[in-house]
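Scroll down for the structure; my scribbles are underneath it.
The values are calculated or read from the model by the stated rules, or taken from the named source; none is laboratory data. Small disclaimer: the values here were computed from a predicted structure and weren't measured. For neighbour counting, all protein chains shown are included, and Cβ atoms are generated from backbone atoms with ideal geometry for every residue, glycine included. Areas reflect the complete protein model, heavy atoms only, side chains present, ligands, DNA and RNA absent. Shrake-Rupley method; radii C 1.70, N 1.55, O 1.52, S 1.80 Å.
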Amino acid sequence: MAVFALVTGVTHRVAAFGYRGGSFFERRDFAMAGTFVKHPQGDLLIDTGFGRNIKEQFLTMPLLFRAMTFYKLRQPAADQLKDAGYDQKSLRAILITHAHWDHVSGLPDFPGVPVLVTPLEREFISKGGSGQFGKPFTGIRYEEYGFEGGPYLGFPGSHDVYGDGAIVVVPASGHTPGGVIIFLTLHNGTRYALVGDLVWQREGITFREERPWIIRKFADSDREGTRENLLRIIALKGSLPELIIVPAHDMRGFAEMPTLPPVNFITVSHVPIVTP
Ligand SMILES: [Zn+2]
Ligand SMILES: [Zn+2]
């Protein structure tokens, strides 16, 4: 298995937006990103970051939110994969950490590719949960999964996507009702925790600082749930210091992941896939 960072764009923020105690003067670009996972049993995209229609989609967001949000599109995930010579028809599915706008914007760029969600997140989507676009997407094929596996790394249940321990999803409701955390474990033992929006910046874990309360109030469905999962990840990082924490909006997490190799590298069958 191999994983690649697909940073599709950024929002221009300050550190204070990301965690309690952060500076209002420290400018910080928040990553809007996906993660491409090349797995022998089927490739996955985890979150999409900004998609091709972000400009039109953004206009459907509430005015106050737009007034506070400045973003820059770099390149949508679908185009990054295409430029690397990857045929998106080879994707097994798109797995989302949660259904907020900045994580699902690119779903329409992958027509026909199933989207893996928990039943709770599916319900959140169907109710037009907060933080989504004004107009819901149509024609998306959702596939639901459950947490039939036992406890995993301090979380009460788990879903092992291919049964080999490489991609394990655990429930992490709080930020949204059916949000998840995804653990990716490479052959060499490198392990990433894609924590979605549990925290926006790593200081949320290293400094044990939640988002500022006003942001929590608007951004989290259930603040207690977020706190409970934050404490689980803090404890886990304490016992596994080598664990690479990748908050969905922290550039530093994605910087610890390889980027896509040059054209044709990943599609030519006789070229072995290197596990970084
Ligand atoms: Zn979110
Ligand atoms: Zn987000």
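Brief remarks on what is shown
- Taking Cβ atoms as reference points and 15 Å as the exclusive limit, the residues near A15 contribute a net charge of +1, counting Lys and Arg as +1 and Asp and Glu as -1.
- Taking every DSSP bridge with both residues inside the stretch 1-145, close to 65 percent are antiparallel.
- DSSP beta bridges in the chain [antiparallel fraction, %, rounded to 5]: 70 percent
- GNM result for the chain, Cα springs below 10 Å: residue of I182, I215, I205 fluctuating most strongly: I215
- Dividing the helix sum by the residues of the chain, where each DSSP H run of 4 or more adds -39500 (n - 2.57), gives a mean residue ellipticity at 222 nm of -6000 deg cm²/dmol.
- Residue-normalised convex hull volume from the C-alpha trace of the chain: 118 Å³ per residue.
- The chain - percent of accessible surface contributed by carbon and sulfur, probe 1.4 Å: 58 percent
- Cleavage-rule hits (GluC sites (Glu not before Pro)) in the stretch 136-236: DSSP loop, at most 16 neighbouring Cβ within 10 angstrom: E148
- Based on protein heavy atoms only, the chain ends up with 45 Å² per residue of surface accessible to a 1.4 Å probe.
- Across K82/K135; K89/K217; K55/K89; K55/K217; K38/K72, pairs whose alpha-carbon gap is larger than 30 Å: K89/K217
- Simple label model, 7 Å out from Cα along Cβ direction - M61 to R20, nm: 2.5 nm
- Shape call, the stretch 69-192: gyration tensor on alpha carbons, a/c limit 1.5: oblate
- Sparse-neighbour loop sites [trypsin sites (Lys or Arg not before Pro); the stretch 158-246; at most 16 other C-beta within 10 Å; DSSP]: R208
- Between the stretch 237-264 and the stretch 47-61, the alpha-carbon center distance in angstrom: 23 Å
- The Rg/Rh ratio for the stretch 1-143 is 0.98, where Rg is the radius of gyration of the alpha carbons and Rh is the Kirkwood radius.
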